[in-house]
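Take a look at the following structure, please.
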Amino acid sequence: MSTAAADATASPAPSAPAPSALARPATREPLDRLTRTAPTRPRLDWRIRFGVLSLVWGFSFLLIKVGTDGYAPFQVTLGRLAFGTVVVGAVLALKRERLPRGARTWGHLAVAAFFLNALPFSLFAYSELTIPSTLAGICNATSPLWGMALSLVALSEDRPTRRRVAGLGIGFFGVLTVLGAWQGFSGLDPLGTALALLASLSYPIGWIYVRRTLADSGSSNLSLAGAQLFVATLELALVTPLFTSVPTHFPIVPLLAVIALGALGTGLAFMIQFSLVAEVGPTTAQMVTYFIPVIATAAGVALLGEPLTWSTPIGALIVLAGASLTQPRPGHKHP
């Protein structure tokens, strides 16, 4: 899951959840605000929570696949957002935090919700109708590459370096390896693959927008997250009836997958990431990015019986190597 709150302070994993992100540097001041408002005594060691977050986001692509076996992609996305909103809303109520105020803030949140939640979640759901969950998970890992490429154009403070440009080139070479470019992309559905890549591109577009509009909104990170998920749910609630009809039956396994995808992969995952950024900082927290495609691939092959050729893991490793080079080095300060 990806939220404006998380994006204003770190690089959250895009799947879900948040999915949830990953590609952009964080400024020190917003991180300090987050650290001061986060709990000082986490119940679990951060390494355990890091592992849980990796598993939850890695399994999200499998859950999408299972969900679309029984429900239309828009229905899966709507359910995911609704259950995620319930989780974050419950935490907001327990903490007695208010939602953001001001029409301008809500307008920016509507745009952020579209690019960070409604659009990419829907695109991934549609893509997995025709491509394996393993490929969708690897496409998700290209988000830092898109983010770096876009930031060079849209963010004047992000200066290109030889290291980051090299990472961009290596990463996209990895994408071509995963897709089997030398074979003419045979065996892959071009539309499904394009939708997954567009979903990963949507995240950095949203991140850049958030950096320009919501980084200093004055609202708490949790409040922004709850509001963004609520708005994204409304957006899908308006769109879904136009393209789907009300289900006549409710298959239990796909329904459970959608519930888990929303409550765990969107709602709970954000709360875990929220605490990780506060405790260990965005640079360490964003390392979850490099575990997601590994877990997504393992889950898809082991539990769904999806095929695996040599080019998939090799290409994924190249993508991750390139993505790591595009990230700011630990301790490197950005304006």
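The values are calculated or read from the model by the stated rules, or taken from the named source; none is laboratory data. Computed from a predicted structure; not experimentally measured. Don't worry about glycine lacking a Cβ; one is built from the backbone with ideal geometry, like all the others, and counts go over all protein chains shown. The accessibility values were calculated without ligands, DNA or RNA, using every heavy atom of the protein model including side chains. Shrake-Rupley method; radii C 1.70, N 1.55, O 1.52, S 1.80 Å.
May I ask you to list the residues in the range 73-110 that are in a helix (DSSP H, G or I), of a type in the set (Lys, Arg) and more than 14 Å from residue 268 (Cβ to Cβ)?
95, 104
Output the qualifying pairs, or none if there are none: Cβ atoms under 6 angstrom, residues six or more apart or on different chains, first residue in the range 195-222 and part of a helix (DSSP H, G or I), second residue of a type in the set (Lys, Arg) and open to solvent by 10 Å² or more (accessible area, probe 1.4 Å).
These pairs meet every condition: 207/24.
Against the condition modelled with pLDDT of 75 or more and more than 17 Å from residue 59 (Cβ to Cβ), how does residue 303 come out, does it pass?
no
Does the range 287-295 contain at least one residue that is in contact with a Gly (Cβ under 9 Å, 6 or more places away or on another chain) and either within 18 Å of residue 110 (Cβ to Cβ) or modelled with pLDDT of 90 or more (or both)?
For the range 287-295, residues in contact with a Gly (Cβ under 9 Å, 6 or more places away or on another chain) and either within 18 Å of residue 110 (Cβ to Cβ) or modelled with pLDDT of 90 or more (or both): present.
Let me ask something additional. Counting residues that are exposed (fewer than 14 other Cβ atoms within 10 Å of the Cβ) and not aromatic (Phe, Trp, Tyr), which helices (runs of 4 or more DSSP H) fully inside the range 231-335 reach at least 1?
Of the helices (runs of 4 or more DSSP H) lying wholly inside the range 231-335, those with at least 1 residues that are exposed (fewer than 14 other Cβ atoms within 10 Å of the Cβ) and not aromatic (Phe, Trp, Tyr) span 252-262, 292-304, 311-326.
Out of curiosity, is residue 218 surrounded by fewer than 17 Cβ atoms within 10 Å (Cβ to Cβ) and either aliphatic (A, V, I, L, M) or over 17 Å from residue 88 (Cβ atoms) (or both)?
In short, yes.
Right, here's the next one. Kindly establish whether residue 83 is under 29 Å from residue 284 (Cα atoms), of a type in the set (Phe, Trp, Tyr) and either modelled with pLDDT under 95 or open to solvent by 30 Å² or more (accessible area, probe 1.4 Å) (or both).
yes
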